[in-house]
Amino acid sequence: MTKQMLKTAAAALAIMSLSATGACASKSAEIVAPLSVSNSQMQNAAALSSQWVDGRRQEMTGLEHVEEGGKLIRKAQKDERKATEKLNKAVTESDEQRAAYVRLVAGFGGASMPSAVETEIKALKKAADDWSDAYKRVEKQKSRVRDAQLEIANGESMVRTGNEMISNGRKKMRNAEAQSQGNQSDPAVLIADEPLVDMN
């Protein structure tokens, strides 16, 4: 499970740093502020244009986070369903092996010769091995369910982070647009936040 957590953390870190990568930079390098901002008569029109572009970049990066987080959630949910099905089957098998062991030992103690005891010992060893194998399968599937649940949590975290970036980026763009028209960037007078993506 530790390896899985490290892989997940590495993947999340890679996605979180998309805004600094060349791929993202090439996309965002083409972003330009709308003419209403860049050609504004305000003295700080250049700064407002820069703010708008920065907001747009943040929004785009947030959208990428939401998309990647959504993919991670969907895959992990599928993995969780499969692991849960296998876990239920493994638990049933383990219970059956335990019941077989109980039935087996209930018939012990009636040996009249040492050779009969040896037969009982062999039967007991086989029952123990069968039960142990079934129990190991239960533990393996429990671990897979936990790993999938961790992936779901990581995906949900990426979606939340992406939504925050989208919201903050859009606020920057709206502020720049409002100021370019001579309005104050008072958050109270800005239009309400647009609904963000919910991957649940």
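Highest mean packing comes first when the peptides 62-75, 135-148 are listed by Cβ atoms within 10 Å, giving 62-75, 135-148. Of the residues ILE166, ILE31, ILE121, the one with the largest accessible area comes first in the ranking ILE121, ILE31, ILE166, computed with a 1.4 Å probe on protein heavy atoms.
Take LYS171, LYS82 and sort them by solvent-accessible surface of the protein heavy atoms, 1.4 Å probe, largest at the top.
Values: LYS171 80, LYS82 110 Å².
The ranking, largest first, comes out as LYS82, LYS171.
When all protein chains stay in place and ligands, DNA and RNA are ignored, the 1.4 Å accessible-area order of SER112, SER180, SER38, largest first, is SER112, SER38, SER180.
The values are calculated or read from the model by the stated rules, or taken from the named source; none is laboratory data. These numbers come from a predicted model, not from an experiment. Cβ atoms come from the backbone with ideal geometry, glycine included; neighbour counts cover every protein chain shown. Just so you know, the surface numbers come from the protein's heavy atoms only, side chains and all, with ligands and any DNA or RNA stripped out. Shrake-Rupley method; radii C 1.70, N 1.55, O 1.52, S 1.80 Å.
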